[in-house]
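Below is one structure, written out as C-alpha coordinates, with a few remarks after it.
The values are calculated or read from the model by the stated rules, or taken from the named source; none is laboratory data. Bear in mind that the values here come from a model prediction, so they are computed numbers and not experimental data. Every residue, glycine among them, receives a Cβ derived from its backbone with ideal geometry; neighbour counts consider all protein chains shown. These accessible areas exclude ligands, DNA and RNA; they are computed on the full protein's heavy atoms, side chains included. Shrake-Rupley method; radii C 1.70, N 1.55, O 1.52, S 1.80 Å.
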Amino acid sequence: MIKILNIVGARPNFMKVAPLHRAFEQRPEIESKIVHTGQHFDAKMSDVFFEQLQMPKPHYFLGVGGGSHTEVTAKTMIEFEKVLLEEKPDLVLVVGDVNATLACTLVAIKSHIPVAHVEAGLRSGDRAMPEELNRILTDSVAEYLFITEQSGVDNLKHEGVPDEKVFFVGNVMIDSLVHYLEKARETSVLEDLNLQKDEYAVVTMHRPANVDTPEGLEAILNIIADTTRYKKVVLPIHPRTANNFKKFGLSEKLEAIEGLILTEPQGYLEFLQLMQNASIIITDSGGIQEETTFLQIPCLTFRDSTERPITVEIGTNQLLADLNPVTVHEKLLEILAGKTKKGLIPPLWDGHTSERIADILIEKLNK
(Lines give C-alpha, C1' and ligand atoms only; values in the text may rest on other atoms or scores of the structure.)
Protein backbone atom coordinates (compact mmCIF):
# COMPACT_ATOMS: atom_id res chain seq x y z
CA MET A 1 0.00 0.00 0.00
CA ILE A 2 1.10 3.53 -0.81
CA LYS A 3 0.14 5.80 2.08
CA ILE A 4 -0.58 9.39 1.03
CA LEU A 5 -1.30 12.31 3.35
CA ASN A 6 -3.33 15.00 1.55
CA ILE A 7 -3.04 18.50 3.01
CA VAL A 8 -5.93 20.97 3.08
CA GLY A 9 -5.73 24.37 4.72
CA ALA A 10 -7.72 27.15 3.06
CA ARG A 11 -11.03 27.11 1.23
CA PRO A 12 -9.75 26.47 -2.35
CA ASN A 13 -7.80 23.41 -1.17
CA PHE A 14 -10.98 21.51 -0.40
CA MET A 15 -12.16 21.53 -4.01
CA LYS A 16 -8.72 20.31 -5.11
CA VAL A 17 -8.27 17.51 -2.59
CA ALA A 18 -11.85 16.17 -2.88
CA PRO A 19 -11.43 14.68 -6.39
CA LEU A 20 -7.90 13.49 -5.58
CA HIS A 21 -9.04 11.65 -2.45
CA ARG A 22 -11.93 10.16 -4.43
CA ALA A 23 -9.57 8.94 -7.17
CA PHE A 24 -7.09 7.54 -4.62
CA GLU A 25 -9.82 5.62 -2.78
CA GLN A 26 -10.73 3.88 -6.05
CA ARG A 27 -7.18 2.51 -6.29
CA PRO A 28 -6.54 -0.52 -4.04
CA GLU A 29 -2.82 0.33 -4.11
CA ILE A 30 -3.37 3.63 -2.25
CA GLU A 31 -4.28 4.44 1.35
CA SER A 32 -5.42 8.08 1.38
CA LYS A 33 -5.70 10.24 4.49
CA ILE A 34 -6.66 13.91 4.86
CA VAL A 35 -4.89 16.38 7.15
CA HIS A 36 -6.79 19.63 7.73
CA THR A 37 -4.47 22.29 9.11
CA GLY A 38 -7.33 24.55 10.15
CA GLN A 39 -5.96 27.66 8.45
CA HIS A 40 -9.58 28.53 7.63
CA PHE A 41 -11.45 27.84 10.84
CA ASP A 42 -14.80 29.51 10.09
CA ALA A 43 -17.50 26.85 9.57
CA LYS A 44 -18.74 28.59 6.43
CA MET A 45 -15.22 28.47 5.02
CA SER A 46 -14.39 24.94 6.07
CA ASP A 47 -16.84 22.42 7.55
CA VAL A 48 -19.47 23.05 4.89
CA PHE A 49 -17.03 21.98 2.18
CA PHE A 50 -16.45 18.60 3.77
CA GLU A 51 -20.21 18.10 3.96
CA GLN A 52 -20.99 19.25 0.41
CA LEU A 53 -18.02 17.55 -1.24
CA GLN A 54 -18.87 14.32 0.57
CA MET A 55 -15.37 14.04 1.93
CA PRO A 56 -14.84 12.07 5.13
CA LYS A 57 -14.05 14.06 8.21
CA PRO A 58 -10.31 14.78 8.21
CA HIS A 59 -8.22 12.07 9.77
CA TYR A 60 -6.30 14.87 11.47
CA PHE A 61 -7.33 18.42 12.35
CA LEU A 62 -4.38 20.57 13.40
CA GLY A 63 -6.41 23.57 14.58
CA VAL A 64 -3.78 26.08 13.48
CA GLY A 65 -6.23 28.98 13.01
CA GLY A 66 -5.25 32.47 11.96
CA GLY A 67 -2.30 34.76 12.60
CA SER A 68 0.54 36.26 10.62
CA HIS A 69 2.11 34.31 7.77
CA THR A 70 5.00 33.41 10.05
CA GLU A 71 2.74 32.27 12.87
CA VAL A 72 0.56 30.11 10.64
CA THR A 73 3.56 28.54 8.90
CA ALA A 74 5.39 27.84 12.16
CA LYS A 75 2.36 26.42 13.99
CA THR A 76 1.52 24.22 11.01
CA MET A 77 5.07 22.83 10.87
CA ILE A 78 5.08 21.99 14.57
CA GLU A 79 1.70 20.25 14.50
CA PHE A 80 2.20 18.48 11.17
CA GLU A 81 5.50 16.98 12.30
CA LYS A 82 3.59 15.06 14.99
CA VAL A 83 1.28 13.59 12.35
CA LEU A 84 4.18 12.70 10.09
CA LEU A 85 6.02 10.85 12.87
CA GLU A 86 2.88 8.89 13.69
CA GLU A 87 1.78 8.04 10.14
CA LYS A 88 5.14 7.63 8.35
CA PRO A 89 3.56 8.14 4.90
CA ASP A 90 5.12 7.29 1.55
CA LEU A 91 4.09 10.67 0.13
CA VAL A 92 2.79 14.06 1.25
CA LEU A 93 0.53 15.72 -1.31
CA VAL A 94 0.05 19.48 -1.17
CA VAL A 95 -2.10 21.67 -3.38
CA GLY A 96 -2.10 25.33 -4.34
CA ASP A 97 -0.08 28.03 -2.63
CA VAL A 98 -1.32 28.70 0.91
CA ASN A 99 0.94 28.73 3.97
CA ALA A 100 -0.01 25.12 4.78
CA THR A 101 1.34 24.08 1.37
CA LEU A 102 4.83 25.35 2.14
CA ALA A 103 4.80 24.42 5.84
CA CYS A 104 3.91 20.76 5.28
CA THR A 105 6.33 20.55 2.35
CA LEU A 106 9.23 21.69 4.53
CA VAL A 107 8.40 19.21 7.29
CA ALA A 108 8.09 16.32 4.81
CA ILE A 109 11.32 17.10 2.95
CA LYS A 110 13.31 17.42 6.17
CA SER A 111 11.92 14.01 7.15
CA HIS A 112 13.04 12.55 3.77
CA ILE A 113 9.46 11.98 2.61
CA PRO A 114 8.73 12.94 -1.03
CA VAL A 115 6.22 15.68 -1.81
CA ALA A 116 3.79 15.95 -4.70
CA HIS A 117 2.67 19.49 -5.55
CA VAL A 118 -0.60 19.83 -7.43
CA GLU A 119 -0.87 23.13 -9.34
CA ALA A 120 2.89 23.42 -9.56
CA GLY A 121 4.72 25.89 -11.78
CA LEU A 122 2.21 28.73 -11.58
CA ARG A 123 3.92 32.12 -11.33
CA SER A 124 2.56 35.66 -11.10
CA GLY A 125 6.00 37.27 -11.27
CA ASP A 126 5.15 39.24 -8.11
CA ARG A 127 7.30 38.17 -5.18
CA ALA A 128 5.52 40.65 -2.92
CA MET A 129 2.68 38.09 -2.86
CA PRO A 130 3.19 35.52 -0.07
CA GLU A 131 1.54 32.95 -2.32
CA GLU A 132 4.23 33.44 -4.96
CA LEU A 133 6.97 32.65 -2.46
CA ASN A 134 5.04 29.59 -1.27
CA ARG A 135 4.79 28.36 -4.87
CA ILE A 136 8.46 28.90 -5.70
CA LEU A 137 9.80 27.33 -2.51
CA THR A 138 7.46 24.33 -2.68
CA ASP A 139 8.34 23.62 -6.32
CA SER A 140 12.06 23.87 -5.59
CA VAL A 141 12.00 20.79 -3.33
CA ALA A 142 8.95 18.75 -4.41
CA GLU A 143 9.57 15.45 -6.17
CA TYR A 144 6.41 15.34 -8.30
CA LEU A 145 5.14 18.53 -9.93
CA PHE A 146 1.66 18.32 -11.44
CA ILE A 147 0.90 21.11 -13.92
CA THR A 148 -2.42 22.72 -14.88
CA GLU A 149 -1.35 24.73 -17.93
CA GLN A 150 1.57 25.19 -20.33
CA SER A 151 2.92 28.23 -18.47
CA GLY A 152 3.70 25.93 -15.53
CA VAL A 153 5.86 23.71 -17.72
CA ASP A 154 7.64 26.75 -19.15
CA ASN A 155 8.24 28.32 -15.72
CA LEU A 156 9.72 25.18 -14.21
CA LYS A 157 11.97 24.63 -17.21
CA HIS A 158 13.20 28.23 -16.86
CA GLU A 159 13.93 27.55 -13.18
CA GLY A 160 16.01 24.49 -14.05
CA VAL A 161 13.64 21.80 -12.75
CA PRO A 162 14.40 18.40 -14.36
CA ASP A 163 11.79 17.30 -16.92
CA GLU A 164 11.30 13.94 -15.20
CA LYS A 165 9.72 15.70 -12.19
CA VAL A 166 7.15 17.58 -14.28
CA PHE A 167 3.77 16.17 -15.35
CA PHE A 168 1.23 18.15 -17.39
CA VAL A 169 -2.04 16.62 -16.15
CA GLY A 170 -4.72 19.34 -16.21
CA ASN A 171 -6.69 21.05 -13.47
CA VAL A 172 -8.17 19.30 -10.41
CA MET A 173 -10.37 22.35 -9.70
CA ILE A 174 -12.19 21.55 -12.92
CA ASP A 175 -12.57 17.93 -11.77
CA SER A 176 -14.65 19.19 -8.84
CA LEU A 177 -16.58 21.64 -10.99
CA VAL A 178 -17.52 18.96 -13.54
CA HIS A 179 -18.39 16.45 -10.81
CA TYR A 180 -20.67 18.80 -8.87
CA LEU A 181 -22.22 20.91 -11.63
CA GLU A 182 -25.52 19.03 -11.69
CA LYS A 183 -25.70 18.88 -7.91
CA ALA A 184 -25.13 22.65 -7.78
CA ARG A 185 -28.17 23.15 -10.01
CA GLU A 186 -30.30 21.43 -7.37
CA THR A 187 -29.51 24.08 -4.75
CA SER A 188 -32.09 26.74 -3.95
CA VAL A 189 -29.68 29.68 -3.81
CA LEU A 190 -31.18 31.51 -6.80
CA GLU A 191 -34.69 31.19 -5.40
CA ASP A 192 -33.52 32.13 -1.91
CA LEU A 193 -31.92 35.34 -3.23
CA ASN A 194 -34.75 36.01 -5.72
CA LEU A 195 -32.42 35.87 -8.73
CA GLN A 196 -32.84 34.89 -12.36
CA LYS A 197 -30.13 33.77 -14.79
CA ASP A 198 -28.08 36.64 -16.27
CA GLU A 199 -29.79 39.37 -14.20
CA TYR A 200 -26.96 39.73 -11.70
CA ALA A 201 -23.21 40.09 -11.24
CA VAL A 202 -21.16 38.32 -8.58
CA VAL A 203 -18.43 40.22 -6.73
CA THR A 204 -15.79 38.67 -4.45
CA MET A 205 -12.95 40.59 -2.83
CA HIS A 206 -10.51 39.41 -0.19
CA ARG A 207 -6.89 40.13 -1.14
CA PRO A 208 -5.06 42.39 1.34
CA ALA A 209 -3.91 44.74 -1.44
CA ASN A 210 -7.57 45.44 -2.24
CA VAL A 211 -9.40 45.30 1.09
CA ASP A 212 -6.92 46.37 3.78
CA THR A 213 -7.16 50.14 3.19
CA PRO A 214 -10.07 52.58 3.29
CA GLU A 215 -9.10 53.73 -0.22
CA GLY A 216 -9.45 50.21 -1.56
CA LEU A 217 -12.79 49.69 0.16
CA GLU A 218 -14.11 53.02 -1.12
CA ALA A 219 -13.18 51.97 -4.65
CA ILE A 220 -14.99 48.65 -4.15
CA LEU A 221 -18.06 50.54 -2.91
CA ASN A 222 -18.02 52.73 -6.03
CA ILE A 223 -17.61 49.71 -8.33
CA ILE A 224 -20.52 47.89 -6.70
CA ALA A 225 -22.76 50.97 -6.74
CA ASP A 226 -22.02 51.58 -10.42
CA THR A 227 -22.64 47.93 -11.34
CA THR A 228 -26.04 47.96 -9.59
CA ARG A 229 -27.18 50.56 -12.14
CA TYR A 230 -27.26 47.72 -14.67
CA LYS A 231 -27.45 44.47 -12.71
CA LYS A 232 -28.17 43.23 -9.25
CA VAL A 233 -24.92 42.49 -7.41
CA VAL A 234 -24.34 39.49 -5.15
CA LEU A 235 -21.47 39.94 -2.70
CA PRO A 236 -20.67 36.86 -0.57
CA ILE A 237 -18.44 38.75 1.81
CA HIS A 238 -15.16 37.23 2.99
CA PRO A 239 -14.56 37.52 6.77
CA ARG A 240 -11.45 39.63 6.19
CA THR A 241 -13.36 42.03 3.96
CA ALA A 242 -16.30 42.27 6.35
CA ASN A 243 -13.99 43.01 9.28
CA ASN A 244 -12.24 45.77 7.34
CA PHE A 245 -15.50 47.42 6.33
CA LYS A 246 -16.35 47.56 10.04
CA LYS A 247 -12.85 48.66 11.03
CA PHE A 248 -12.94 51.67 8.69
CA GLY A 249 -16.56 52.57 9.42
CA LEU A 250 -17.83 51.74 5.95
CA SER A 251 -20.29 48.92 6.70
CA GLU A 252 -23.37 51.15 6.69
CA LYS A 253 -22.34 52.66 3.37
CA LEU A 254 -22.00 49.16 1.89
CA GLU A 255 -25.34 47.97 3.24
CA ALA A 256 -27.09 51.09 1.90
CA ILE A 257 -26.34 50.31 -1.77
CA GLU A 258 -29.61 49.58 -3.56
CA GLY A 259 -29.49 46.46 -5.67
CA LEU A 260 -26.74 44.86 -3.57
CA ILE A 261 -27.42 41.43 -2.12
CA LEU A 262 -24.97 40.98 0.72
CA THR A 263 -24.51 37.38 1.91
CA GLU A 264 -22.23 35.33 4.11
CA PRO A 265 -19.61 33.15 2.37
CA GLN A 266 -21.45 30.58 0.26
CA GLY A 267 -21.01 26.85 0.23
CA TYR A 268 -19.18 25.44 -2.78
CA LEU A 269 -22.35 24.19 -4.50
CA GLU A 270 -24.24 27.44 -3.92
CA PHE A 271 -21.37 29.54 -5.21
CA LEU A 272 -20.98 27.30 -8.25
CA GLN A 273 -24.66 27.80 -9.02
CA LEU A 274 -24.29 31.57 -8.60
CA MET A 275 -21.28 31.62 -10.94
CA GLN A 276 -22.78 29.57 -13.74
CA ASN A 277 -25.87 31.79 -13.91
CA ALA A 278 -24.19 35.20 -13.52
CA SER A 279 -23.73 37.65 -16.38
CA ILE A 280 -20.31 38.71 -15.09
CA ILE A 281 -17.92 37.99 -12.22
CA ILE A 282 -15.82 40.74 -10.63
CA THR A 283 -13.15 39.29 -8.35
CA ASP A 284 -9.59 39.21 -7.07
CA SER A 285 -9.58 35.43 -6.64
CA GLY A 286 -7.19 32.99 -8.28
CA GLY A 287 -9.44 29.97 -8.61
CA ILE A 288 -12.46 31.87 -9.89
CA GLN A 289 -10.44 32.86 -12.96
CA GLU A 290 -10.22 29.16 -13.82
CA GLU A 291 -13.82 28.28 -13.04
CA THR A 292 -15.26 31.15 -15.08
CA THR A 293 -13.00 30.19 -18.00
CA PHE A 294 -14.46 26.67 -17.95
CA LEU A 295 -18.01 27.99 -17.49
CA GLN A 296 -17.49 30.61 -20.23
CA ILE A 297 -18.58 33.46 -17.93
CA PRO A 298 -16.92 36.90 -18.40
CA CYS A 299 -14.56 37.64 -15.51
CA LEU A 300 -12.82 40.87 -14.45
CA THR A 301 -9.93 40.17 -12.06
CA PHE A 302 -8.34 42.90 -9.95
CA ARG A 303 -4.73 41.79 -10.03
CA ASP A 304 -1.55 43.35 -11.42
CA SER A 305 -0.63 39.93 -12.76
CA THR A 306 -1.97 36.41 -12.79
CA GLU A 307 -0.28 33.09 -12.14
CA ARG A 308 -2.94 31.57 -14.43
CA PRO A 309 -2.22 33.30 -17.76
CA ILE A 310 -4.13 30.69 -19.74
CA THR A 311 -7.37 32.22 -18.39
CA VAL A 312 -6.42 35.51 -20.08
CA GLU A 313 -4.75 34.10 -23.18
CA ILE A 314 -7.60 31.82 -24.26
CA GLY A 315 -10.13 32.08 -21.44
CA THR A 316 -12.81 34.61 -20.48
CA ASN A 317 -10.70 36.44 -17.88
CA GLN A 318 -9.49 40.05 -18.15
CA LEU A 319 -6.95 41.57 -15.75
CA LEU A 320 -7.47 45.04 -14.31
CA ALA A 321 -4.37 46.49 -12.66
CA ASP A 322 -6.15 48.51 -10.00
CA LEU A 323 -9.53 49.19 -8.42
CA ASN A 324 -10.48 51.90 -10.91
CA PRO A 325 -14.28 52.34 -11.08
CA VAL A 326 -14.01 54.12 -14.46
CA THR A 327 -12.20 51.17 -16.05
CA VAL A 328 -14.67 48.70 -14.58
CA HIS A 329 -17.56 50.80 -15.90
CA GLU A 330 -16.10 50.68 -19.43
CA LYS A 331 -15.48 46.93 -19.30
CA LEU A 332 -18.90 46.29 -17.82
CA LEU A 333 -20.65 48.16 -20.64
CA GLU A 334 -18.61 46.24 -23.23
CA ILE A 335 -19.59 42.91 -21.67
CA LEU A 336 -23.27 43.87 -21.36
CA ALA A 337 -23.21 44.88 -25.03
CA GLY A 338 -21.89 41.44 -25.94
CA LYS A 339 -18.42 42.74 -26.82
CA THR A 340 -16.57 40.12 -24.84
CA LYS A 341 -14.14 37.50 -26.02
CA LYS A 342 -15.43 34.00 -26.39
CA GLY A 343 -13.07 31.89 -24.36
CA LEU A 344 -11.79 28.40 -25.05
CA ILE A 345 -11.43 25.62 -22.48
CA PRO A 346 -7.71 24.91 -21.90
CA PRO A 347 -6.16 21.52 -22.73
CA LEU A 348 -6.82 18.67 -20.26
CA TRP A 349 -9.39 20.66 -18.28
CA ASP A 350 -11.73 17.71 -18.77
CA GLY A 351 -12.64 16.46 -15.29
CA HIS A 352 -10.15 13.56 -15.28
CA THR A 353 -6.98 15.16 -13.89
CA SER A 354 -7.19 13.33 -10.55
CA GLU A 355 -7.24 9.94 -12.25
CA ARG A 356 -4.13 10.88 -14.24
CA ILE A 357 -2.34 11.94 -11.04
CA ALA A 358 -3.29 8.69 -9.29
CA ASP A 359 -1.97 6.60 -12.19
CA ILE A 360 1.35 8.48 -12.25
CA LEU A 361 1.89 8.20 -8.49
CA ILE A 362 1.17 4.47 -8.51
CA GLU A 363 3.63 3.96 -11.35
CA LYS A 364 6.37 6.05 -9.73
CA LEU A 365 5.98 4.95 -6.11
CA ASN A 366 5.67 1.24 -6.89
CA LYS A 367 9.10 1.14 -8.58
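Averaging the Cα positions of each part gives two centres, and for the range 187-254 and the range 69-133 these lie 32 Å apart. With contacts taken as Cα pairs under 8 Å and at least 6 residues apart, the chain reaches a relative contact order of 16 percent. Here the dipole of the chain is about 120 debye; that uses its Cα centre as origin and unit charges on the Cβ of Lys and Arg (positive) and Asp and Glu (negative). Working note: Karplus 6.51/-1.76/1.60 with θ = phi - 60° gives the range 82-94 the couplings 4, 5, 4, 5, 6, 8, 6, x, 8, 7, 10, 10, 10 Hz, where Gly and Pro are set to x. Kirkwood-type hydrodynamic radius, the range 287-336: 11.0 Å, calculated from all non-identical alpha-carbon pairs. Phi-derived couplings, Karplus 6.51 cos²θ - 1.76 cosθ + 1.60 at θ = phi - 60°, listed residue by residue for the range 8-13: 10, x, 10, 2, x, 4 Hz, with x used for Gly and Pro. Within the range 160-196, the GluC sites (Glu not before Pro) that combine a DSSP coil assignment with at most 16 other C-beta atoms in a 10 angstrom radius are Glu186. Relative protection proxy for 137-144, 3-10, from highest mean packing down: 3-10, 137-144 (other beta-carbon atoms within 10 angstrom).
A 1.4 Å probe run over the chain, with the rest of the protein chains in place, finds 41 Å² accessible per residue. If R0 equals 35 Å, the separation of the Cβ atoms of Met1 and Asp154 corresponds to a calculated FRET efficiency of about 0.45. Each Lys and Arg Cβ is given +1 and each Asp and Glu Cβ -1; about its Cα centre, the range 178-265 then shows a dipole of about 200 debye.
Can you check what the net charge comes to around Leu181, using other residues whose Cβ is under 12 Å from the Cβ of Leu181 (Lys, Arg +1; Asp, Glu -1)? Taking every Cβ under 12 Å from that of Leu181, the sum is -2. Of the accessible area of the range 130-205, computed with a 1.4 Å probe over protein heavy atoms only, carbon and sulfur atoms account for 50 percent.
All other residues with a Cβ under 10 Å from the Cβ of Lys16 taken together, and with Lys, Arg as +1 and Asp, Glu as -1, what is their net charge? Here the count lands on -2.
The calculated 222 nm mean residue ellipticity attributable to helices in the chain amounts to -13500 deg cm²/dmol, summing -39500 (n - 2.57) over DSSP H runs of n ≥ 4 and dividing by all residues. Three principal axis extents describe the C-alpha atoms of the chain; from largest down they are 61, 40, 40 Å. Distance between the pseudo-spin-label points of Gln296 and Leu193 (7 Å out from Cα toward the beta carbon): 2.2 nm.
The share of accessible area on the range 266-318 that comes from carbon and sulfur is 49 percent, using a 1.4 angstrom probe. Amide H contacts for Ile34 (H built 1.01 Å from N in the peptide plane; partners 5 or more residues away or on another chain; cut-off under 5 Å): Asn6, His59, Tyr60.
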